[in-house]
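Colleague: Have a look at this one before I ask anything.
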Ligand SMILES: *Cc1c(COP(=O)(O)O)cnc(C)c1O
């Protein structure tokens with residue numbers, strides 16, 4: 001199978017397996033797991049933050065950030081297609097008791113003007129705006145890189161209003177590599193960040209959230225409340241260290257392969273590539289083929305290619321470190337074959 005469903009379908013590398021075996025561990029709830037502490041220190045340093053916290057998933061990291069920044073009855077501002085709003089089961093309402101206020105963006109970018117206009121004034125009728133969330137790269141915008149200038153503009157609005165800013169950076173490494181921007185430069189434009197180790201970087205599990213030392217202290221307590229305080233968890237933090245230190249630069253290859261796949265797809269009749277391919281995600285509209293999304297994916301599967309539905313007329317392909325140049329050419333041939 002050529003599995004282009006996601007960059008989460010990767011298996012741990014040999015170096016990761018070895019790191020797991022060799023990991024020095026202790027009870028992390030007592031702060032005694034050396035490997036977890038090392039992962040947190042490396043992540044904090046890379047992201048230019050005081051401290052960091054290892055969490056089980058991107059969703060848990062984002063939710064801990066919302067819980068730490070907000071009180072029930074607050075309102076948070078976020079992009080209308082953002083993961084926190086779209087794909088986290090309304091957890092912000094279910095757990096933190098906050099109300100979302102969405103702003104439509106362009107390729108994942110909200111305008112700083114729209115953000116400023118959506119901040120509530122002090123009025124007995126209104127909720128308080130307690131958090132602004134950004135996402136980079138933007139998942140539903142097809143892995144679009146949100147430019148650092150846009151982040152700067154929004155951060156300055158946030159700071160002027162004394163509202164914290166959280167960055168959902170599940171794929172911030174992709175943004176960093178694609179735009180040649182250091183992770184710490186992004187880190188400087190936000191108060192807190194969540195990054196996934198288990199997406200393009202190939203670790204089997206985990207995310208890290210980063211921010212000020214007081215933020216991480218509170219976040220650690222929220223993680224414990226949610227049942228996310230783990231014990232000899234260095235065995236799963238160890239592949240995260242490999243992810244951060246060995247798997248970032250190679251994302252460039254995933255981006256090149258995604259661009260090559262998009263280029264080939266554009267030559268196939270009745271198929272439209274909907275996004276500008278900045279990173280590793282390709283969104284393809286198949287409505288003109290007169291084949292349903294289900295049928296299209298089924299035919300692809302018969303050719304041993306996997307992709308995912310992304311709407312009623314669109315499917316999504318994502319490159320990852322298992323995918324080779326040869327695989328991309330095979331996918332293009334097979335697509336031609338299954339559309340005949
Ligand atoms: C995948 C993803 C998450 C959530 O990560 P999980 O580890 O799957 O919970 C959050 N934000 C974005 C933008 C994502 O793509």
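Just so it is clear, none of the values below were taken in a lab; they were calculated from the coordinates. Note that the coordinates shown come from a computational prediction; the quantities given were computed from them, not determined experimentally. Every residue, glycine among them, receives a Cβ derived from its backbone with ideal geometry; neighbour counts consider all protein chains shown.
Colleague: Starting from the Kirkwood Rh over alpha-carbon pairs, what translational D in µm² s⁻¹ does the range 250-338 have by Stokes-Einstein at 10 °C and 1.306 mPa s?
Modeller: Values: Rh = 12.9 Å.
Using the Kirkwood radius from Cα pairs, D works out to 123 µm²/s.
Colleague: Relative to the longest principal axis of the C-alpha atoms of the chain, give the angle of the C-alpha long axis of helix 293-302, reported between 0 and 90° and rounded to the nearest 10°.
Modeller: Long axis of 293-302 versus the principal axis of the chain: about 70 degrees.
Colleague: Also, quick follow-up: Highest mean first, how do 70-79, 45-54, 290-299 rank when packing is the count of other Cβ atoms within 10 Å averaged over residues?
Modeller: Numbers: 70-79: 19.9, 45-54: 21.6, 290-299: 14.6.
Top of the packing list down: 45-54, 70-79, 290-299.
Colleague: Related question: Give the distance, in whole Å, between the Cα centre of the range 192-262 and the Cα centre of the range 293-340.
Modeller: A separation of 28 Å, based on Cα centres.
Colleague: Antiparallel as a % of all DSSP beta bridges within the chain, to the nearest 5? Display every interim value, and only then the final one.
Modeller: On the way: 20 of 38 bridges.
Around 55 percent antiparallel, to the nearest 5.
Colleague: A further question on this structure: How long are the semi-axes of the equivalent ellipsoid of the range 163-204, taking √(5λ) for every eigenvalue λ of the Cα gyration tensor, in whole Å from largest down?
Modeller: On the way: eigenvalues 69, 37, 8 Å².
That gives 19, 14, 6 Å for the three semi-axes.
Colleague: Taking the range 10-129 on its own, what percent of its Cα-Cα pair distances exceed 27 Å? List each step's numbers first, then the result.
Modeller: Numbers: 2698 of 7140 pairs.
Here the long-distance tail beyond 27 Å is 38 percent of all Cα pairs in the range 10-129.
Colleague: Between 241, 209, 268, find the one with the highest GNM mean-square fluctuation for the chain; connect C-alpha pairs within less than 10 Å.
Modeller: Sorting by GNM fluctuation, first place goes to 268.
Colleague: Calculate the FRET efficiency for residue 299 and residue 161 from the Cβ-Cβ distance with a Förster distance of 45 Å, rounded to the nearest 0.05. Let's see the in-between values first.
Modeller: Numbers: r = 51 Å, r/R0 = 1.14.
The calculated FRET efficiency here is 0.30.
Colleague: Please give the helix 213-225 orientation as an angle from the longest Cα principal axis of the chain, in degrees from 0 to 90, rounded to the nearest 10.
Modeller: Orientation of helix 213-225: about 70 degrees from the principal axis.
Colleague: Report for the range 18-175 the percent antiparallel among DSSP-assigned beta bridges with both residues inside it, nearest 5.
Modeller: Details: 2 of 14 bridges.
Antiparallel: roughly 15 percent of the beta bridges in the range 18-175.
Colleague: Using Cα atoms only, what is the angle between the long axis of helix 34-47 and the major principal axis of the chain, expressed in degrees (0 to 90) to the nearest 10?
Modeller: The angle comes out at about 80 degrees.
Colleague: Want the number for residue 118 to residue 24: 0.36 nm per residue separation, take away the alpha-carbon distance, what's left?
Modeller: Numbers: separation 94, 0.36 × 94 = 33.84 nm, distance 4.81 nm.
Net length gain for the segment: 29.0 nm.
Colleague: Let me know the Rg and Dmax you get for the range 133-263 when you use only its Cα atoms, in Å.
Modeller: 15.8, 48
Colleague: Stokes-Einstein at 20 °C, 1.002 mPa s, Kirkwood radius from Cα pairs: D for the range 14-246 in µm² s⁻¹? Each step should come with its number before you reach the end.
Modeller: Numbers: Rh = 17.7 Å.
The estimated diffusion coefficient comes to 121 µm²/s.
Colleague: Now, a different point. When you count, for each residue, the other Cβ atoms within 10 Å and take the mean per peptide, how do 163-174, 117-128, 309-320 rank with the highest first? The partial results should precede the final answer.
Modeller: Details: 163-174: 26.7, 117-128: 11.1, 309-320: 19.8.
The most tightly packed comes first, giving 163-174, 309-320, 117-128.
Colleague: Just report the Cα centroid separation between the range 168-190 and the range 88-130, whole Å.
Modeller: So the two Cα centres are separated by 23 Å.
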